[in-house]
1. Are there any helices in the chain, counted as whole DSSP H runs, that stretch 18 Å or more along their axis by Cα and score at least 1.0 on average by Kyte-Doolittle, and if so which?
2. Under a crude label model (7 Å from the Cα following the beta-carbon direction), how far is Asp252 from Gln226 in nanometres?
3. Amide H to amide H, which residues 5 or more places from Val164 or on other chains are under 5 Å from it, using H placed in the peptide plane?
4. Hey, can you find the accessible area per residue of the chain for me, probe 1.4 Å, expressed in square angstrom?
5. Where Lys and Arg each count +1 and Asp and Glu each count -1, what net charge lies around Gln248 among other residues with Cβ under 14 Å from its Cβ?
6. Under the rule of -39500 (n - 2.57) per DSSP H run of 4 or more residues, summed and divided by the residues of the chain, what mean residue ellipticity at 222 nm is obtained, to the nearest 500 deg cm²/dmol?
7. Which parts of the stretch 165-188 would a label at Arg155 reach, counting a residue when its backbone N lies under 14 Å from a point 7 Å out along Cα-to-Cβ?
8. Placing +1 on the Cβ of each Lys and Arg and -1 on the Cβ of each Asp and Glu in the stretch 116-213, which of Gly143, Gly158, Ser199 has its Cα farthest towards the positive end of the resulting dipole?
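The values are calculated or read from the model by the stated rules, or taken from the named source; none is laboratory data. Because the structure is predicted, anything quoted here is derived from the model rather than measured. Cβ sites come from the backbone with ideal geometry, for glycine too, and all protein chains shown count toward neighbours. These area figures cover heavy atoms from the full protein model, side chains too; ligands, DNA and RNA do not enter into them. Shrake-Rupley method; radii C 1.70, N 1.55, O 1.52, S 1.80 Å.
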Amino acid sequence: MVLATGLIASSALAGETLDKIKQRGLIKVGVGTTPGFFTPDSNGRWQGFFIDFGRALAVTVFNDPEKVEFTNSSPQQRLPALQSGEFDILLSGVTQTVTRAFKLGFHFGPVVFYDGQGLLVRKDLGVTKGDELDGATIGVQSGTTGELNIADFFRKTGKKFTPVTIEETGEFLKALDSGRVDALTQDATDLAAKRTQLSKPDDYVLLPERLSKEPLAPALRAGDDQWLEIVNWTVYATIQAEEFGITQANVDEFLKSEDPSIQRFLGVDPSLGEAIGLDPKFAYNIVKAVGNYGEIFDRNVGKGTPLNFERGYNQLWTNGGLLYSPPFR
């Protein structure tokens, strides 16, 4: 029997996190504040790339994209808050690392955005690559992987720099705007968004090189395999939908498909959903509510948005990117 939440009743499968979510009636998600990725609109409603994945998760659990609560959490506080149970999941642009997995005890869902650390510099410095910043003063936000990455970069290049560690996001931008630092270093996606918030954005340039790999993924507390798999397959559903060519606009037409893979994916054939303990139509419901991965990317951060990002590595594997869903079977 399918419960109102969209999940199949099965006490043997019930995990502690999911039990709490169902009792509470909503999912608690920790996010950041970067336009395009997560930011409240003029009415206080959260919008953005990571926000859409939070809503997709609420669709999987409740078949209702609104049964989710987004709370801004700083880079310094987000992981402790997740560990303490303040959040069920972080969708705040957390980089997946071995230390966070083993030492801190977090699990990660699929990478939803392949990023890399960049450098945002004043144009009047006349530099075109990072190793030309010898002797520069560089702002880095505390509590991020950026602190170690920038130190490693200058150590490898044999150059010197003066780090200025800054905690508050607002002060981070002011440091560059006021000339306190020559450059900022952070994930390139964050820097592209922050550049639009500077008083004179055209006075600054994001250098093309990347100092690190920054795979951004949902972060969860370790120890609840069922919750992890729900997150995994929610993300994979958006990727697989794009590979099938299924969109918000045409998903109902695909219900008529005679392709058995699509029938299983959309729940026309309910056997897959019943076997894994989810609403057989969970993937259909996700696409209907928020679209496929490409639609989520394009409307929030893609070409024509203020961030104007190319898909790059965030394309399907069939198009030369890194996005790949395991089979829905």
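1. Working: long enough: 49-62 (20 Å, 1.60); 225-244 (27 Å, -0.07).
In the chain, the long hydrophobic H runs are 49-62.
2. Result: 3.4 nm between the two label points.
3. When sequence neighbours closer than 5 places are left aside, the close amide H contacts are Ile138, Gly139, Val140.
4. Here the per-residue accessible area is 45 Å².
5. Values: positive: Arg55, Lys288, Arg299; negative: Asp52, Glu242, Asp252, Glu253, Glu295, Asp298.
For residues surrounding Gln248, the net value is -3.
6. When only DSSP H runs of four or more count, the value is -10000 deg cm²/dmol.
7. Counting only backbone N, you get no residues.
8. Of the listed residues, the answer is Gly158.
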